[in-house]
Amino acid sequence: MHTPPFNQFGISHVIILVIYIVAFVLIIALSHHQHTQKFFVQLTRWLLFTILILSEISYQWWTLTTGIWNLQEHIPLHLCGIASITGAIALATKSQKLSYITFYIGFIPALLALITPELPYDFPHFRYWKFFIHHMAISLTSIFLLLFIVQSITFRSVLETYGYLLAYAIFIGFIINPLFQSNYLYLSSTPTAKTPLDLLGDGWLYYLSLCILAFLVFVVCYMVIYRRIIIRNH
């Protein structure tokens, strides 16, 4: 069956964004009644966990069975891939540290991926379903962990997570990408789709802008977390 190329902000894309917004609002609403709706909190928790795990397993299986799997593209080393792993572990273990790390590295990147997807195929291709379901789950998991797991937060969490990210970026940029001739974390070049990364310049300016942008995103996320914790504690 012929599958048309993906059309950004076409009907199939807009429908997904509407579904994401509805799910986001439902999780926010559930957070205001979490003590009386414990069953639905746990249901949402394990549903998100299952989606994260099955999304990655099904994608790896699909790439293997179709013969397209390769080291350059299909290892879950992008930021959303790491957030998916840390998010799943945080959902299962209720780890405070992994919860705020997932929120910092997962919420905005996954949301931007939903808005500006790097996707070759449109509905109803498997890649369409996997991409959007997985990235919706990553972003929603980040919010869920913030609202239901994170109990306290300090600015040190921003610096700590940022330090982890810089160390990981150095590892990917200087070892993994040159070794595999890959573009993980988009450190070798910007995505093929039009994204805000296209505005960051070239060469050393691109890397400097990435560092500054990541830190600013973390600070904004911290302000959201801090405000949420203050409201919850009062």
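For the condition over 30 Å from Pro5 (Cα atoms), touching a residue at least 60 places away in the same chain (Cβ under 8 Å) and not β-branched (Val, Ile, Thr), Phe132 does not qualify. Just one of the listed residues (Phe103, Phe132, Phe123) is assigned to a helix (DSSP H, G or I), under 19 Å from Ile15 (Cβ atoms) and touching a helix residue (DSSP H, G or I) at 6+ places or on another chain (Cβ under 6 Å), namely Phe132.
Of all residues in the range 60-95, those satisfying the criterion of being open to solvent by 30 Å² or more (accessible area, probe 1.4 Å), without any contact (Cβ under 8 Å) to a residue 40 or more places away in the chain, in a helix (DSSP H, G or I) and closer than 23 Å to His125 by Cα are Gln60, Trp61, Leu64, Thr65. In the range 8-59, the residue that is least open to solvent (accessible area, probe 1.4 Å) out of those that are in contact with a helix residue (DSSP H, G or I) (Cβ under 7 Å, 6 or more places away or on another chain) and at pLDDT below 90 is Ser31. Note on the range 189-208: residues that are within 21 Å of Phe107 (Cβ to Cβ) and at pLDDT 90 or above amount to 0.
On the basis of being free of Cβ contacts under 8 Å to residues at least 60 places away in the same chain, open to solvent by 20 Å² or more (accessible area, probe 1.4 Å) and touching a helix residue (DSSP H, G or I) at 6+ places or on another chain (Cβ under 6 Å), does Leu208 make the cut? No; evaluated as a whole, the condition is false for this residue. In this structure, is Ile57 within 30 Å of Leu187 (Cβ to Cβ) and part of a loop (DSSP other than H, G, I, E, B)? In short, no.
For beta carbons closer than 9 Å, sequence separation of 6+ or different chains, a first residue in the range 177-189 that is under 13 Å from Leu200 (Cα atoms) and a second that is among the β-branched types (Val, Ile, Thr) and in a helix (DSSP H, G or I), the qualifying pairs are Leu187/Ile172. Does the range 125-132 contain any residue that is under 19 Å from the mean Cα position of the chain (by Cα), modelled with pLDDT under 90 and either of a type in the set (D, E, K, R) or under 30 Å from Val41 (Cα atoms) (or both)? Within the range 125-132, none of the residues are under 19 Å from the mean Cα position of the chain (by Cα), modelled with pLDDT under 90 and either of a type in the set (D, E, K, R) or under 30 Å from Val41 (Cα atoms) (or both). Scanning the range 145-158 for residues that are buried (at least 17 other Cβ atoms within 10 Å of the Cβ) and farther than 18 Å from Val41 by Cβ gives Ile153, Ser157, Val158.
If you check Ser142, Ser182 for being more than 30 Å from Val41 (Cα to Cα), polar (S, T, N, Q), at pLDDT 90 or above and open to solvent by less than 40 Å² (accessible area, probe 1.4 Å), only one passes: Ser182.
The values are calculated or read from the model by the stated rules, or taken from the named source; none is laboratory data. Only a predicted model underlies this, so the values are computations on that prediction, with no experimental measurement involved. Because the Cβ atoms are built from the backbone with ideal geometry, glycine has one as well, and the counts that use them run over all protein chains shown. These area figures cover heavy atoms from the full protein model, side chains too; ligands, DNA and RNA do not enter into them. Shrake-Rupley method; radii C 1.70, N 1.55, O 1.52, S 1.80 Å.
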